[in-house]
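I have placed the structure first, in the form of structure tokens, so that the comments after it can refer back to it.
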Amino acid sequence: MAPECPTFDRDLVSQNMHWDERCRELFDIPAGKTVTYDDDFLACLHPHDRERVNDHILNFAFVKALSDGKYDVTYRIIGARDKKLRWIRSRGKVFFNADSVPIRFIGAVFDITDIKQANKKNALLSAIIQSSYDAIISKNLDGLVESWNGAAERMFGFTAEEMIGQSIFKIIPPGKQDEEQQILSRVKKGERLEHFETTRLRKDGTQIDISLTISPIKNEDDEIIGLSKIARDISDQKLAELRKNDFITIASHELKTPLTTIKSYVQLLLSKARTDNDKFKTEALSRVEKQANKMSALIQNFLNSAKLLEGKLDLVIERFKAYDLLTEITEDAKLLSPSHPIIMKDCEDLFVTGDRNKIAQVMGNLISNAVKYSPLGSTITISCKAIGGQAQIAVSDTGIGIEKKDQAKLFDRFYRVENDKLKNVAGFGIGLYLVAEILRFHDSRILVESKANAGSKFYFNLPISQ
Ligand code: ADP
């Protein structure tokens with residue numbers, strides 16, 4: 001039976017050396033070859049370790065007064081033929097005669113290459129973590145911090161000693177204590193949490209805006225045993241966003257007042273032109289009115305997006321007839337976009353609950369996109385059907401469609417698809433962001449089915465009210 005570990009046995013009187021089969025395997029020495037200390041053992045030692053190991057054997061292990069025959073040393077070898085580098089730990093015993101002269105040296109060698117490589121990898125990883133600009137923290141399922149890097153120390157003001165073993169709640173502001181549980185249950189469902197924006201507490205009691213990326217730490221059985229979190233300081237970015245937001249709000253308000261006056265005068269002039277049967281003025285003023293309405297919808301979008309960022313989008317939930325709202329919207333859209341037939345198809349007469357005005361804005365955005373991104377003369381279809389106890393409201397077009405890779409990002413703020421077909425189409429990339437956010441506030445979500453060059457269908461559900 002093969003021994004537990006590769007062994008060697010050297011007779012120091014005759015200088016005969018025996019290496020078992022597995023020991024030869026490690027040094028890559030053929031079976032049957034006579035092995036010697038100089039030609040095989042020393043020759044296979046890595047040049048950087050050779051002198052040290054030889055010195056250790058001759059001047060320490062073989063000296064009874066120093067070592068009492070104990071031998072335990074780690075070194076690298078290079079395989080005699082395969083030239084492979086291996087890390088070896090060798091442990092053994094030297095036997096002495098009555099005059100303390102070494103006569104026999106027996107021991108075993110262990111291949112520790114994997115351990116050495118794992119240690120090297122760990123050292124490398126911890127150096128990366130330690131030098132990271134982002135805070136990298138791990139905690140167990142009881143919420144106790146297990147690791148805390150240098151950036152975490154700088155960002156939150158607590159040292160690793162102050163945090164390791166302590167509850168993560170130490171850095172969570174009072175209003176956000178539920179977040180930990182919510183994060184855990186989302187991660188458990190397999191959700192990836194990236195760029196989750198929140199606030200945390202510093203040691204001095206001030207709050208810091210951070211963006212968190214959270215991933216589960218799993219054991220060998222694939223069970224979640226903790227969470228690792230990467231936190232980035234986004235205070236500067238938040239401040240810039242707030243300033244931009246303030247600017248958008250002020251500018252939108254300033255634009256809204258004169259625009260309302262322009263619209264009322266245009267309406268006055270329009271009705272006079274109609275009474276006077278002045279075709280030219282009626283036509284020209286209708287165009288002015290249309291453009292003013294477009295501008296007003298745009299300003300409303302800006303105001304809503306600014307409100308969303310401040311978390312101030314208030315909904316007025318009511319029960320209303322979806323059919324009536326869709327009819328109104330379709331009639332308005334027909335006036336605003338005579339370039340495209342806009343029709344209602346499969347529209348059931350359903351009562352739904354939601355914020356009527358905000359749902360009108362959602363539809364306005366979806367229809368104006370359908371018009372913008374489909375060829376002149378192509379039909380835009382609006383539908384409303386009861387599906388699974390919910391009213392499914394949809395806007396479909398037969399336009400340029402959206403490639404799969406862009407579909408997930410459509411609803412990000414300021415996202416616009418970039419390709420040659422779209423380079424002359426104006427827009428800010430906030431319409432679909434608003435649609436998604438308004439629906440999120442309704443506990444609903446916007447969905448898209450689309451194929452490049454074949455058209456798009458955007459749809460969402462609202463609860464049916466009996
Ligand atoms: P905007 O239209 O101002 O660029 P949106 O947020 O409304 O911004 O839309 C984001 C992007 O989604 C658009 O730039 C466009 O590329 C794409 N998109 C939206 N609706 C449609 C549609 N019906 N057909 C094709 N592409 C669309």
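The values are calculated or read from the model by the stated rules, or taken from the named source; none is laboratory data. Computed from a prediction, not measured in an experiment: that's the story for all the values here. So basically every Cβ, Gly included, is an ideal-geometry build from the backbone, and we count neighbours across all protein chains shown. Just the protein is used for accessible areas: all its heavy atoms, side chains included, with ligands, DNA and RNA removed. Shrake-Rupley method; radii C 1.70, N 1.55, O 1.52, S 1.80 Å.
For the reader, a short list of remarks on this structure follows.
- Remark: for residue pairs Lys33/Lys64; Lys385/Lys405; Lys238/Lys451; Lys321/Lys358; Lys307/Lys423; Lys244/Lys409, the C-alpha separation exceeds 26 Å in Lys33/Lys64; Lys385/Lys405; Lys238/Lys451; Lys307/Lys423.
- Look at the alpha carbon pairs under 8 Å that are at least 6 residues apart: their mean separation over the length of the range 132-233 gives a relative contact order of 28 percent.
- The antiparallel fraction among DSSP beta bridges confined to the chain stands at about 95%.
- Mean Cα-pair separation over length for the chain, i.e. relative contact order, pairs under 8 Å, 6 or more apart, %: 8
- Stretch gain in nm, segment Arg186-Thr275, where the contour uses 0.36 nm per residue and the Cα spacing is subtracted: 25.7 nm
- For Asp222, Asp324, Asp406, the ranking by accessible surface with the largest value first comes to Asp222, Asp324, Asp406, using a 1.4 Å probe.
- Sorting Trp19, Trp87 by solvent-accessible area of protein heavy atoms yields Trp87, Trp19, largest first, with a 1.4 Å probe.
- Angle between the chain longest axis and helix 431-441 axis [Cα atoms, degrees, rounded to 10]: 80
- Of the whole protein surface, Asp55 contributes about 80 Å² of accessible area at a 1.4 Å probe radius.
- Distance between modelled label sites at Lys256 and Glu241, nm, 7 Å Cα→Cβ extension: 2.2
- Database remark: amide H of Asp355 closer than 5 angstrom to the amide H of Glu318 (H placed geometrically; neighbours at sequence offset of 5 or more, or on other chains; Pro and chain starts carry no H).
- D by Stokes-Einstein for the chain, Kirkwood Rh over Cα pairs, 4 °C, 1.567 mPa s: 44 µm²/s.
- Free of any GluC sites (Glu not before Pro) that DSSP assigns to a loop and that have at most 15 other C-beta atoms within 10 Å, the longest stretch within the chain is 5-190.
- The residues neighbouring Ser296, those whose beta-carbon lies less than 9 Å from its own, together hold a net charge of +3 under the Lys/Arg +1, Asp/Glu -1 convention.
- Per residue value of the accessible surface for the chain (all protein chains in place, 1.4 Å probe), Å²: 58
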